[in-house]
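Everything below concerns the one structure shown next.
The values are calculated or read from the model by the stated rules, or taken from the named source; none is laboratory data. Treat the numbers as computed from the prediction; the structure is a model and nothing was measured. Cβ coordinates were reconstructed from backbone atoms using ideal geometry, including for glycine residues, and neighbour counts include every protein chain displayed.
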């Protein structure tokens, strides 16, 4: 592995360009309550620590956290991520676990650094780059649960001592890892200052400059990553900035959740990339459903945007790649927090013991992995085509991909921006279902990926209208007659070639048809056309 370097708007390792693609290891070194299904009732590390010590005692709590940090993410996870073709992980750090300030000097917590060191060794073995992410800065940079803030205020910007602590901590990190090529870069602050604390926005860039100077005093090797304000969606703090004022090896980071998964929603960040001639990185995005994933993550690839999916693992879910079961009786914890029941020490320790067993027996959500790279078996929602041709006048409908002439509509005929807030991975509700209409001479093209070992592939299209579709995929072509209300039309199966990347074309030969989705599946035995 070699150091990742910025070259104009791209990242390089050596002489080769690279896009970072991977996963945020949320919930590990900075646990979040929602990942344990405790939500706002116990939403950040310090409150989770207090709950366990209150219920189970200090001695048990110490053993619990040692076991938790040693088992939530393991070498198995890094091997899995690498085996699926990804090349990086983003590691959220909680500063509180890395240092103390005592008697006017810093004491570095080696137990916390050992977890970083173990991750480095695993990633070296499996060839994954690491982004070190300061998720919880001293005092907190957001004033919310995600930074483990004590008082729901962004005290990093209210108390100079917190800033001095952060400067010292980043300098220590850079000193320790100056020669570690496996580390891609330093993400200096996660999501500083939501808009309700925007009066402090002017303090962010000066702090970034100080941090860069401290890091560069000991480490001139690593990429430095700067995030915008308001959940890393607002780059205005960089307006008028000349990158050389800061450093030559920089990347800007944005985050994207619950918004339309189209190129138009990214224009703001793409324009900034061109304006400042720096690479951009989608450092957090996820917590949605498979449809949203299959639209936005392949789009990042096509637009040369590095990305990191959030989050790799959480309890009892279908919308993260890895999950673990919820212990029986876990709801007693929220009932206890709400004052509805008493909970004995014996019962509480049993619950947390079962929780530790659960995280040590993870389960895979293969559909998430498939959606991120359009891997068969996959459902392609028809509004998320890759290319189009021979398109006529766009019909009024859904405000999605509005700069393109394709007629994208709500099934129920309403107009407006689709709502993409599917926090738990649930499917689209009926009233938000979006479809595409194509008429004679119009065509849409979709991309998908297969494993070369797969033999027979079949397409099932959910469609309505009155017309004829020509379906083409590489050397395979067939005609599909469409008549009437919504129904599923299956193509003959075809045998894939010695390839793993395909383009599927749907051409309306006659009439007009409305398309909802395409299921692409592997069939074990079938008559196929070569």
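Annotations for the structure displayed:
- Residue in the range 9-19 that is in a loop (DSSP other than H, G, I, E, B), modelled with pLDDT of 95 or more and under 21 Å from the mean Cα position of the chain (by Cα) present: yes
- Residue 276, sole failed condition from (1) surrounded by fewer than 24 Cβ atoms within 10 Å (Cβ to Cβ); (2) touching a residue at least 40 places away in the same chain (Cβ under 8 Å); (3) within 18 Å of residue 253 (Cα to Cα): (2)
- Considering the range 306-323, and only residues there that are over 13 Å from the mean Cα position of the chain (by Cα) and part of a loop (DSSP other than H, G, I, E, B), the residue that is nearest to residue 379 (Cα to Cα) turns out to be 318.
- Of all the criteria given as (1) in contact with a helix residue (DSSP H, G or I) (Cβ under 8 Å, 6 or more places away or on another chain); (2) over 23 Å from residue 266 (Cα atoms); (3) crowded, with 22+ Cβ neighbours inside 10 Å, the one not satisfied by residue 184 is (1).
- Subset of the range 324-360 (residues that are part of a loop (DSSP other than H, G, I, E, B) and under 23 Å from the mean Cα position of the chain (by Cα)): 325, 326, 360
- Each residue in the range 221-258 was checked for being under 26 Å from residue 289 (Cα atoms) and assigned to a loop (DSSP other than H, G, I, E, B), and 8 pass.
- Selection count where residues are outside any strand (DSSP E or B), free of Cβ contacts under 8 Å to residues at least 60 places away in the same chain and either under 10 Å from the mean Cα position of the chain (by Cα) or buried (at least 24 other Cβ atoms within 10 Å of the Cβ) (or both), scope the range 281-305: 1
- Residue in the range 53-71 that is more than 30 Å from residue 1 (Cα to Cα) and buried (at least 21 other Cβ atoms within 10 Å of the Cβ) present: yes
- Single residue of the range 469-497 satisfying the filter (crowded, with 16+ Cβ neighbours inside 10 Å and in a loop (DSSP other than H, G, I, E, B)) that is modelled with the lowest pLDDT: 496
- Residue count for the range 106-139, restricted to those that are more than 15 Å from residue 31 (Cα to Cα) and not in a strand (DSSP E or B): 20
- Count - residues of the range 20-40 that are modelled with pLDDT of 95 or more and outside any loop (DSSP other than H, G, I, E, B): 8
- Filter pass, residue 128 being under 18 Å from residue 187 (Cβ atoms), buried (at least 18 other Cβ atoms within 10 Å of the Cβ) and either at pLDDT 95 or above or touching a strand residue (DSSP E or B) at 6+ places or on another chain (Cβ under 8 Å) (or both): yes
- None of 466, 516 is crowded, with 18+ Cβ neighbours inside 10 Å and assigned to a strand (DSSP E or B) except 516.
- Condition broken by residue 391, with the remaining ones in (1) out of contact with any helix residue (DSSP H, G or I) (no Cβ under 9 Å at 6 or more places or on another chain); (2) within 29 Å of residue 308 (Cβ to Cβ); (3) assigned to a loop (DSSP other than H, G, I, E, B) satisfied: (2)
- The range 319-369 - residue that is free of Cβ contacts under 8 Å to residues at least 40 places away in the same chain and in contact with a strand residue (DSSP E or B) (Cβ under 8 Å, 6 or more places away or on another chain) and, of those, surrounded by the most Cβ atoms within 10 Å (Cβ to Cβ): 324
- Output for the range 73-99, where each listed residue is in contact with a helix residue (DSSP H, G or I) (Cβ under 7 Å, 6 or more places away or on another chain), within 21 Å of residue 145 (Cβ to Cβ) and in a helix (DSSP H, G or I): 95, 97
- Qualifying residue in the range 41-64 (condition: part of a helix (DSSP H, G or I), in contact with a strand residue (DSSP E or B) (Cβ under 9 Å, 6 or more places away or on another chain) and at negative phi): yes
- Search result, residues across the range 147-196 that are part of a helix (DSSP H, G or I), under 28 Å from residue 121 (Cβ atoms) and either under 24 Å from the mean Cα position of the chain (by Cα) or not assigned by TED's automatic domain parsing to the domain that holds residue 43 (or both): 147
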